[in-house]
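The block underneath contains the structure these notes are about, expressed in structure tokens.
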Amino acid sequence: MRLDDEIGELRKELQSFRAETRQRLELIEGEVTKQVSLNYNRAIVDYLQSATLDFIDSMKCERGGKAEARCKQKMKEIQRKYLDLLKAGRLRDSLGALKEAIEVSTGMEKGLSSGGSTMCAECMRKETDFLEINGGLLSQLTMLQEPLAPVSDERSTIGTLDPVAMERGILDPVAHRARLQVMLSIFRGENRFADFTAATGLKGGHLLYHINKLLEGGLVQQYESKDYVLTRKGLKTLVLLAQMGEEIAPAVN
């Protein structure tokens, strides 16, 4: 009985140690995720605030003068609500206001086009495209701020990992430096095919092969505007890889 008692106590100590270790790992993961999120948030918020108005100011109208000034003022008014909410840190509300701005801009584009004002309609189309790009970036911000899904004890053990599912869903999609370079390029906001060529040195079908691997793995997605964005799964994968990079850094150096 004494040996059984000792074994029982040892099991309790092991369970306590495992629980404490899991809590520490969750704390470390939370801190790394928070730092990545904060840095990414600052970069994207700064971009949205500065580039949006700069984009409108840079547009040229053949009519010029007061007509051009009125159009630019109207475009700024369309975007003002979501930018104000963004500055206030209300990201989800800002994303909702941005979607409303896209609807307004699209409606104005259609109205101008049907009314024969093709030149003005083209300007509104450019604004709509720009708003959709901003929408993709803002969607990534809101995804990063969402809490990680809780992991139950049954799913948290290494023994329950499915190697086939891990290979198909994560390992294979990121198993080439070019794919990570593409993901990092998107993370920096450089999210078009030409940007990926600059990041990887690859062109044409060779580059498209790696992009398709990321699309098939659900790590990135593409909008109709041809811009690519990271999915929530893609963002979480980058966070996990960043953590692993911190772990192996001493060994590499």
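No lab work stands behind these numbers, since they all come straight from the coordinates. The model shown is predicted, which means the values in this text are computed figures rather than measured ones. Cβ coordinates were reconstructed from backbone atoms using ideal geometry, including for glycine residues, and neighbour counts include every protein chain displayed.
Under 1.5 on a/c is rounded, so check that first for region 162-206, then, if it is not, pick prolate when a/b is larger than b/c and oblate when it is not; a ≥ b ≥ c are the square roots of the alpha carbon gyration tensor eigenvalues.
Values: a/c = 3.29, a/b = 2.02, b/c = 1.63.
Prolate, since a/c reaches 1.5 and a/b exceeds b/c.
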Original post:
Along region 179-187, what does the Karplus equation 6.51 cos²θ - 1.76 cosθ + 1.60 (θ = phi - 60°) give for ³J(HN,Hα), rounded to whole Hz, x for Gly and Pro?
Top reply: 6, 5, 5, 5, 4, 5, 4, 5, 4
Original post:
Ordered by residue, what ³J(HN,Hα) values in Hz, to whole numbers, does region 110-115 give under the Karplus form 6.51 cos²θ - 1.76 cosθ + 1.60, where θ = phi - 60° and Gly and Pro are x?
Top reply: 5, x, 5, 5, 5, x
Subject >> Ranked by how many other beta carbons lie within 10 Å on average, peptides 178-190, 68-80 from highest >> reply: 178-190, 68-80
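When a/c reaches 1.5 or more, the comparison of a/b and b/c decides; with that in mind, is region 65-129 rounded, prolate or oblate per its Cα gyration tensor?
Values: a/c = 3.60, a/b = 1.80, b/c = 2.00.
Judged from the Cα gyration tensor, region 65-129 comes out oblate (a/c at least 1.5, b/c at or above a/b).
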Subject >> Shape parameters for region 160-247, alpha-carbon atoms, Rg then Dmax in Å >> reply: 12.8, 41
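Please get the size of the charge dipole for region 161-253, origin at its Cα centre, with Cβ charges of +1 on Lys and Arg and -1 on Asp and Glu, quoted in debye to the nearest 20.
Values: 11 positive and 10 negative charges, 40 e Å.
Charge dipole, region 161-253, about its Cα centre: 200 debye, nearest 20.
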Subject >> R0 of 30 Å, Cβ-Cβ distance Ala242-Ser58: FRET efficiency to nearest 0.05 >> reply: 0.30
Original post:
For Ala88 and Lys233 in the same chain, what is the full-extension length gain: residue separation times 0.36 nm, less their Cα-Cα distance, in nm?
Top reply: 49.5 nm
